[in-house]
Structures are given as C-alpha cells and as structure tokens.
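A.B. asks: Below is the structure I would like to discuss, written out as structure tokens.
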Amino acid sequence: MLGQIALIAFAQRAPDHVFGFQMFNASSELKITLYRQIHMYGKPYRLSVQHAAWQARDKNKVTHAFRWNDRVHDGVLGQLDTFVHASYGLDAQLFRLQFALNDVAAHIPDDAETDALVAVVETVKNGRERATVELTAERP
Amino acid sequence: MSSRGSAWLREERDAYVFGLLRCALGVLLFLQASRALSDWWDSGYFGDYWHLPIVPASLVPSHGVYAGLLAFELVAAACAIAGVWSRAALLGSSTTGLYLLLCDRLQYHNNRYALLLIAFLTAFTPCDRSFSARRGARALSPEARRAPTWARRLVQAQVSLIYGASALGKLADPDWRGGQVLAIRYLHTLSYLASQGVRVPRWLADVYTSPWYASATAKGAISLELFLALGLWQPRTRRFALWLGVLFHFGIELSARVELFSWLMWTAYLAFVTPECRERLLEVDPRSRVARLATVVLRRLDILARFDVHENADLLTSAGSIVRVTDRSGHAHTGWAAYAQIASAFPPLFAAWPLLAMLATFRERRQRSAAAP
C-alpha cells in the first residue's frame, strides 16, 4: 500500500500520470500533421506527408513506400490530419508522440531522402487555449 | 488506531463473500485477457511495432512467450472462476497481467491496472473457501469457512486509494474543478445524440451545456469521490456510500467508455459487505401467493446470502403483514420497512432502497400522527 501511495505521488510528475488513477482528466484535442525534412541542393525543405504515407528512394535509387501506421498502431497517435481526443491529456500524448516519431525515424532504413520527421501538433486544451507544438526526430 | 490495526490483523470472519469476489474478479480478468488475446490475434505482437515499455526493454517478452503468457492469464482466470487452485490462479493471472502492463505503456489504462491490483490483493483473502467447483456439493460449513481476513482491509484500502487519487487529481486541476472539462464533455454528448437523431428539448440542452451546471457537477463528482474514499469505511455511512457508488458508476457506464471499470468497482464493493451470512431473518406468510413467489426469487438471487428465509403461517394474523424482516440487531420490520430492509441487502433491489426507506418512514409517521389523540 505504501508502494501504491509512492506510485501515485510519482504519477503526478509523469506526463501521462501512469499509475496515478487520474480518471477522465482532460477534454483536450490534438491534430498531428506530419512532415519529412529533406535537403536539396544543400537547402532543407519540408514535405507534407499526405494520408500518413510517403514514397522515398534508398541509396540505390530504388523507390519504397512507407506508412506511419506500419509502426504506430496507437488509437490516438495513429491518426494524422484530424482532431482526436487526447486521452490522458495533451502532455501524455505529446510525450508519447516524441517516442513514436523517434521510433518511426529509426525504422525507415530504406528512406535515404528523409533527414528527420517533424510533427506539427495543433492542440486545444479543454476547449479553450489553442497552441501549436513542433516535435522533431532526426534519423539515427 | 494501533489497537484497531491489530484487531484487523487478527480478525477471523466468514469467507463466503470472498469466494464470490474471487469469481467475479475472475470473470473480469478473463474478459480482460480475452481482449488482449483478441488484440494480439488482430494486430499481432505489440513488440513488432512501436511500443513503450516501462520495464527495461530486455525484460519485454518475445512473441512466443507473450502469447504463452496471455494464454496462461486466460486459463488462470478461468481456474479462479471455477475455484480450481483458486488463490494461486487469481495471483497468477493478476501478476501476469501486471507484468504485461509494464511491458507496454500504451496498453496502460487505469481501469486495467485497478482490476489487476484488486485481483492481486484478493488472492491473499481466504477466497478459496466458497464457490468452488472442486468441492461441488461438499460446500464448507459457515464454521469451516471462518479464516483470517486481514487482506480484505487491503482490498478496501485499494478501493479508497482509487477514489482518493482520482478526486485529488481532479481537485488539483483548475479546468476540472471549474467544470471546463465536463462542459466540453457535455457538448460532445449533445453532438453525439444529435448525430444519432435524438432530439433533446432546447431548455434541457441549455441547462446541460450551461457553465454553472458543468461547474456544479464537477464539484459534485469530486465531493462524491472523496466521500466514497472515506465513507465506505464508516459503518454509519457505508450503505449510503455504496448506494451512491452504484449509481455513480451506472452513470459513468452510460456516459463514457471505461472498459470494465464500472463492473470492477461494483465487484470491489463486495469487500465492504459484512462477511457473516444469513444474519437477517425473513419470514413470509405462505398463504400469500405474491409472498411465496417473492421468496422463490429471493432465495435464488440472494447471492450475498444475507437472508435466512422461513415461512410463518401466522404472520399475517400476528404481525399484520405478509413479510417480516428481523435485522442484525434484532429489530423486526413489517410492511414497507420490511421491503426497505430487503432492498438494502438484496443487490437486484439495492438501487431502490432509499426510496423504499423513505416511503416506510413517511407511512410510519402518518400512522403515528393518525394514532395520536
């Protein structure tokens, strides 16, 4: 029981309040727009990822198809370009999204064009404050 | 406090209700494990795509081991339901579930975690002394069912922790305590109803979406959770707290998708039921067909074994009622008061208990004033 209380105290500092029994803690929403960061002629460019999928060439100039949902099956973060309920709060979903971006960026070895994946996230906290957050994951 | 603590450690009570708690938790664990198996079947092994382990990645099971653990969790839950190696099965199923929960943060939900914790703690109660398929007809006598029940206090504390943490979390969030979170939820509910073709009267929609209503219900929900965290422990407030809790979770079940959470909390309330069985005497007059029918229903559905039911052919003549309930303290109740007593301890009618109790009080007062000179 003491361990439980310690976990609940710890949960207050965790972005997703894991182990904290924080029921129905938010009515916030977020919309993720995904971009690929590439470079051409020495200059960086951002390309929008449409329908959560893109095509890119590998080192041998062979084209491959990639899909966000090949790696991200999560019900919230798996949906791009649409507002979805941020279960467990915005902090929880942004915290998880960074890991998801890192994971996808680390699992596209056949994409020799993309330097980084960028998620531009529009957030609406409990129906009021709107904000935009940008998260980036460089390819390892 | 320390003497109460040592009394709790030493107390021996009838274990009948813990067997029921074990069976119900077994069903919930079975459903939870079935859902995980179904997800595995449909989407594949979670380790093959993005996941977020809480334990070190080296402790995440391989595909084959994961499938085996899910199957074990399911079989152990089935054993807990049937009463085969009951406590070990409940412990095994809940521990496996907790371990798998730690392997992927994305699969974490408060309700799943709460179920596993409550099942884990219940395994330390003497929950193997009743509802056992292995014993069959050779059920233990009430004396043989008596056993140390200190772990019941841990289950109760776990329930209070859930309510307390949930209430304090909401209290600390200005958007929650101010009603903003609920206001958005209410707007979504109305949009959903409209999309389903349900027309809500304008005045009701105005009230439902007004800031003062959201603010009042937010404060009400926080107060209710705090009351449940504490009120379940006090014998004087326990029955009312249980009644409020039953309705509270009924409301949540209707308005939100919370997987098995409502069912879990209703089940966990069994830990607050007085363990001793058949301490209330229910007498019915066999000449009344309605009373006889009610007796059959009550005998079949009295899953908490609250009533010792007897037929009394003289009841209508001697007590002026076809039903008489003698409660734990020896007080006899007839008429509406008897029905209120039945509802207070009979789960299918429990929601109606306050209404029946108020009716009984109202009629008693009217009879008293009519009898007064």
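A.B. asks: Could you grab the pairs with beta carbons closer than 7 Å, sequence gap of 6+ or different chains, first residue in segment A:61-74 and at the interface with chain B (Cβ under 9 Å from one of its Cβ atoms) and surrounded by 14 or more Cβ atoms within 10 Å (Cβ to Cβ), second one in a loop (DSSP other than H, G, I, E, B) and not small (G, A, S)?
C.D. replies: Final answer for the pair search is A:R71/A:H107; A:R71/B:Y49; A:R71/B:W50; A:V72/B:W50; A:H73/B:Y49.
A.B. asks: Take segment B:95-118 and flag every residue that is more than 14 Å from every other protein chain (Cβ to nearest Cβ) and surrounded by fewer than 20 Cβ atoms within 10 Å (Cβ to Cβ).
C.D. replies: The answer is B:T95, B:Y99.
A.B. asks: Among (1) under 20 Å from B:N110 (Cα atoms); (2) surrounded by fewer than 16 Cβ atoms within 10 Å (Cβ to Cβ), which single condition is B:P211 missing?
C.D. replies: Condition not satisfied by B:P211: (1).
A.B. asks: Say we look at segment B:151-182 and pick out the residues that are touching a Phe, Trp or Tyr at 6+ places or on another chain (Cβ under 6 Å) and within 10 Å of B:E225 (Cβ to Cβ); which of these is surrounded by the fewest Cβ atoms within 10 Å (Cβ to Cβ)?
C.D. replies: Checked segment B:151-182; the qualifying residue surrounded by the fewest Cβ atoms within 10 Å (Cβ to Cβ) is B:K170.
A.B. asks: While we're on this one: For segment A:3-39: of the residues being at the interface with chain B (Cβ under 8 Å from one of its Cβ atoms) and in contact (Cβ under 8 Å) with a residue 40 or more places away in the chain, which is nearest to B:A157 (Cα to Cα)?
C.D. replies: The extreme case among them is A:Q22.
A.B. asks: When the residues of segment B:242-300 are filtered to those that are surrounded by fewer than 17 Cβ atoms within 10 Å (Cβ to Cβ) and polar (S, T, N, Q), which remaining residue is nearest to the other protein chains (Cβ to nearest Cβ)?
C.D. replies: Top of the filtered list is B:S255.
A.B. asks: Does B:R199 satisfy the criteria of being touching a residue at least 24 places away in the same chain (Cβ under 8 Å) and surrounded by fewer than 19 Cβ atoms within 10 Å (Cβ to Cβ)?
C.D. replies: no
A.B. asks: Would you call B:L37 under 30 Å from B:S132 (Cβ atoms), of a type outside the set (K, R) and either without any contact (Cβ under 8 Å) to a residue 40 or more places away in the chain or within 12 Å of chain A (Cβ to nearest Cβ) (or both)?
C.D. replies: When the stated conditions are applied, B:L37 passes them.
A.B. asks: Scan segment B:153-183 for residues that are aromatic (F, W, Y) and more than 8 Å from every other protein chain (Cβ to nearest Cβ) and report the count.
C.D. replies: 1
A.B. asks: While we're on this one: Restricting attention to segment A:88-133, which residues are without any contact (Cβ under 8 Å) to a residue 60 or more places away in the chain, outside any strand (DSSP E or B) and within 14 Å of chain B (Cβ to nearest Cβ)?
C.D. replies: A:Q98, A:F99, A:A100, A:L101, A:N102, A:D103, A:V104, A:A105, A:A106, A:H107, A:I108, A:R128
A.B. asks: Which of the following residues is within 25 Å of A:A131 (Cα to Cα), modelled with pLDDT of 80 or more and not aromatic (F, W, Y): A:I5, A:I32, A:I38?
C.D. replies: Every option except A:I32 fails the conditions.
A.B. asks: Looking only at residues in segment B:55-70 that are closer than 20 Å to A:H73 by Cα and among the aliphatic types (A, V, I, L, M), which one is surrounded by the most Cβ atoms within 10 Å (Cβ to Cβ)?
C.D. replies: Checking each candidate, the answer is B:L70.
A.B. asks: Kindly provide the set of residues from segment B:222-243 that are closer than 11 Å to B:Y163 by Cβ and aliphatic (A, V, I, L, M), ordered by number.
C.D. replies: B:I222, B:L224, B:L226, B:L228, B:A229, B:L230, B:L232, B:A241
A.B. asks: In segment A:80-95, what count of residues is obtained for those that are farther than 24 Å from B:P174 by Cα and out of contact with any helix residue (DSSP H, G or I) (no Cβ under 6 Å at 6 or more places or on another chain)?
C.D. replies: Number satisfying all stated conditions: 2.
A.B. asks: Right, next: What single numbered condition from (1) under 23 Å from the mean Cα position of the chain (by Cα); (2) over 29 Å from B:A268 (Cβ atoms); (3) of a type in the set (V, I, T) fails to hold for B:V155?
C.D. replies: Every listed condition holds for B:V155 apart from (2).
A.B. asks: Could you count how many residues in segment B:184-202 are under 30 Å from B:I118 (Cβ atoms) and more than 8 Å from chain A (Cβ to nearest Cβ)?
C.D. replies: 1
A.B. asks: Confirm whether B:A89 is over 23 Å from B:P61 (Cβ atoms) and either hydrophobic (A, V, I, L, M, F, W, C) or buried (at least 19 other Cβ atoms within 10 Å of the Cβ) (or both).
C.D. replies: For B:A89, the condition - over 23 Å from B:P61 (Cβ atoms) and either hydrophobic (A, V, I, L, M, F, W, C) or buried (at least 19 other Cβ atoms within 10 Å of the Cβ) (or both) - is not met.
A.B. asks: Hey, another quick one. Just to be sure I understand, how many residues within segment B:74-86 are crowded, with 22+ Cβ neighbours inside 10 Å and touching a Phe, Trp or Tyr at 6+ places or on another chain (Cβ under 6 Å)?
C.D. replies: Selection size over segment B:74-86: 2.
A.B. asks: Residues being surrounded by fewer than 19 Cβ atoms within 10 Å (Cβ to Cβ) and either more than 14 Å from chain A (Cβ to nearest Cβ) or not hydroxyl-bearing (S, T, Y) (or both): count how many of those fall in segment B:40-49.
C.D. replies: Total satisfying the criteria: 6.
A.B. asks: Could you pull out the residue among B:L121, B:L52 that is surrounded by fewer than 21 Cβ atoms within 10 Å (Cβ to Cβ) and among the hydrophobic types (A, V, I, L, M, F, W, C)?
C.D. replies: Answer to the selection: B:L52.
The values are calculated or read from the model by the stated rules, or taken from the named source; none is laboratory data. Nothing here was measured: the structure is a model prediction, and the numbers come from that model. Backbone-built Cβ (ideal geometry, glycine too); neighbour counts: all protein chains shown.
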